Amino acid sequence: MFKRWYDKDPRLSLAVACLERADDNSRKKISKIIIQKAKAFNVSILEQPFLFFKRWYDEDMTLRMAMEYLRSSPPNIQKILAEVIIINISVNQSVYGIRNK
């Protein structure tokens, strides 16, 4: 069984792992792109304040919202957003010389 919601799809799992290892600037940029694209696909989330932080993406509000948009998206949109994450991390690494942590 899968413990994390994003491990159900191997490509989505890869995208989230890449995002986790990305530097803070890349995470912030990609989070904004995820939110923008998800909204364009009419994905909505309940924006609730978090009283505790237990996941790696909970500490940054923009990243937390991006992950919530990703989680709330239907599987076909998750696949598209996963590709957006992977492509943007690849571009950031090759164009800007950004390395994973």
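Points worth noting:
- With R₀ set to 25 Å, the beta-carbon distance separating Met61 from Asn25 gives a calculated FRET efficiency near 0.95.
- Helices in the chain that qualify as membrane-span-like (whole DSSP H runs, Cα extent of at least 18 Å along the helix axis, mean Kyte-Doolittle hydropathy of 0.5 or higher) are 75-96.
- Dimensionless Rg over Rh [the range 7-96; C-alpha; Kirkwood]: 0.94
- With each label modelled as a point 7 angstrom along the Cα→C-beta vector, the Phe2-Ser90 pair spans 2.2 nm.
- Neighbours of Ser73 by Cβ distance under 13 Å: Lys/Arg scored +1, Asp/Glu scored -1, total +2.
- Mean residue ellipticity at 222 nm, helices only, the chain: -20500 deg cm²/dmol; runs of at least 4 DSSP H residues each add -39,500 (n - 2.57), and the sum is divided by the number of residues.
Every number in this text was worked out from the coordinates using simple rules, so none of it is lab data. Keep in mind it's a predicted model, so treat the numbers as computed, not measured. Every residue, glycine as well, gets a Cβ built from its backbone with ideal geometry; the counts of neighbours run over all protein chains shown.
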